[in-house]
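Visitor: I'd like to ask you about the structure that follows.
The values are calculated or read from the model by the stated rules, or taken from the named source; none is laboratory data. Computed from a predicted structure; not experimentally measured. Cβ placement follows ideal geometry from the backbone for every residue including glycine, while neighbour counts extend to all protein chains displayed.
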């Protein structure tokens, strides 16, 4: 049974990468296989022996070991080790040992076996997948037993992204959201002093900023058509469109607001030529996050991206004069400012962890202490704790003030918590390609997509 569970998780999680959904297993949190007849006394004796050993260890003055697997390397890995060191120095009961583990397959196998760490850092999508498979403990239960008020410490959206129903399974550590970067020089050149607050304003600016050569090839792009994820998500969310119903169970591609977004997108593509736009976008995506990135080269007016782009710009585009603003809404829905995809990196405690008490103490420290701030600043990630939303050091990081403002809106959009997410996202991308290549109208493509989704459901 365990072998099937591992195989199923690997098939889903490894296919999706960070965009993970996983179906519920028959078991619930913390459940184990039923004991064989006559084994109750043996189990009690084993528990007693374990407790006696732990007491003896504590009495001897030796620290209890806590194993922590994190998903960072190089300088970011060093920042994690500094936080581990700070925890070890803050108390004398536990000794945390950290290890960088990037292999998702190794993590899944460990969680389902007997060699799991006590704490593991993964994405919130992975937390949900592991929770649905009964592999991680309820953080809600641990917090309640400890009198630790999660809701007063962490942002509501951060907790919700790590919850199945009302039960939280991951302690949120770092937030990831997308906002709007813009080239100040281009904006000034076309006659504007402020970035757009609506998609209608953005489109007007995009047309004025786009340049083509004598052959009609685009040499500078105004409309934010890449990274490709932007066209599938942020450009949709800005209009108020949502791919999923509010309960996250039903695909809703025929949402009129999705169609509004796609029709504006196609209006731009058709104005400059679908093939010409596709050629520029393909080149842009090939060079994304390199020294030849179109934004760093001054060939892109608007860019929907995360705070990490600023770090890259410092290295590869030091001459680009850029600003950051909240994602626009629309004239009809101005309150959508800041809408974008929302994810977290979180700490989970495996059901088979050897030291759950130590894991819990470390998880609290790692996500809610002075060391938390230092780690986030070192790796350039956004906070999940409400206190750090107001911290002057966090707000003093390049562009963080805008991103934190976006976090406060709680307009972030999460991936649905369903088992077959990979199948649905693949379908979405397929039908968006039909639209963007001019093969089908937005109305035709989204109507067909809705029918295909019904078959899957």
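Visitor: Looking at 383, 392, 442, 398, which is the one that is crowded, with 17+ Cβ neighbours inside 10 Å and outside the structural domain of residue 265 (by TED's automatic domain parsing)? Please lay out each step first, then the result.
Guide: Numbers: 392 fails: crowded, with 17+ Cβ neighbours inside 10 Å; 442 fails: outside the structural domain of residue 265 (by TED's automatic domain parsing); 398 fails: crowded, with 17+ Cβ neighbours inside 10 Å.
The conditions single out 383.
Visitor: So, one more: Checking residue 281 against (1) under 23 Å from the mean Cα position of the chain (by Cα); (2) surrounded by 15 or more Cβ atoms within 10 Å (Cβ to Cβ); (3) more than 27 Å from residue 193 (Cβ to Cβ), only one condition comes out false. Which one?
Guide: (1)
Visitor: Something else now. Given the conditions (1) without any contact (Cβ under 8 Å) to a residue 60 or more places away in the chain; (2) touching a helix residue (DSSP H, G or I) at 6+ places or on another chain (Cβ under 9 Å); (3) loosely packed, with under 15 Cβ neighbours inside 10 Å, which single one is not true for residue 434?
Guide: (3)
Visitor: Check segment 362-372 and report whether any residue there is assigned to a loop (DSSP other than H, G, I, E, B), assigned by TED's automatic domain parsing to the domain that holds residue 139 and closer than 30 Å to residue 91 by Cα. Step through it out loud before you land on a result.
Guide: From segment 362-372, those assigned to a loop (DSSP other than H, G, I, E, B) are 368-369; that's our starting set.
Then keep just the ones that are assigned by TED's automatic domain parsing to the domain that holds residue 139; that gives 368-369.
Now narrow it down to the ones that are closer than 30 Å to residue 91 by Cα: 368-369.
Yes, the conditions are met somewhere in segment 362-372.
Visitor: So, in segment 175-191, exactly how many residues are surrounded by 21 or more Cβ atoms within 10 Å (Cβ to Cβ) and within 20 Å of residue 306 (Cα to Cα)? First the steps, then the outcome.
Guide: Applying the first criterion (surrounded by 21 or more Cβ atoms within 10 Å (Cβ to Cβ)) to segment 175-191 yields 175, 177-183, 186-187.
This time we only want the ones that are within 20 Å of residue 306 (Cα to Cα), so: 175, 177-183.
Summing the residues that are surrounded by 21 or more Cβ atoms within 10 Å (Cβ to Cβ) and within 20 Å of residue 306 (Cα to Cα) in segment 175-191 gives 8.
Visitor: The conditions are (1) out of contact with any helix residue (DSSP H, G or I) (no Cβ under 7 Å at 6 or more places or on another chain); (2) over 30 Å from residue 293 (Cα atoms); (3) surrounded by fewer than 24 Cβ atoms within 10 Å (Cβ to Cβ), and residue 142 fails exactly one of them. Which is it?
Guide: Every listed condition holds for residue 142 apart from (1).
Visitor: All but one of (1) touching a strand residue (DSSP E or B) at 6+ places or on another chain (Cβ under 8 Å); (2) part of a loop (DSSP other than H, G, I, E, B); (3) farther than 30 Å from residue 95 by Cβ hold for residue 324; state the number of the condition that does not hold.
Guide: (2)
Visitor: Right, next: Looking for whichever is surrounded by fewer than 16 Cβ atoms within 10 Å (Cβ to Cβ), in contact with a strand residue (DSSP E or B) (Cβ under 9 Å, 6 or more places away or on another chain) and assigned to a loop (DSSP other than H, G, I, E, B) here; the options are 331, 291. Which one fits? Don't jump to the end; show me each part of the working.
Guide: On the way: 291 fails: in contact with a strand residue (DSSP E or B) (Cβ under 9 Å, 6 or more places away or on another chain).
That would be 331, the only listed residue that is surrounded by fewer than 16 Cβ atoms within 10 Å (Cβ to Cβ), in contact with a strand residue (DSSP E or B) (Cβ under 9 Å, 6 or more places away or on another chain) and assigned to a loop (DSSP other than H, G, I, E, B).
Visitor: Does residue 95 qualify as being touching a strand residue (DSSP E or B) at 6+ places or on another chain (Cβ under 6 Å) and surrounded by fewer than 20 Cβ atoms within 10 Å (Cβ to Cβ)? Full working, then the answer.
Guide: Values: touching a strand residue (DSSP E or B) at 6+ places or on another chain (Cβ under 6 Å): yes; surrounded by fewer than 20 Cβ atoms within 10 Å (Cβ to Cβ): yes.
Criteria met by residue 95.
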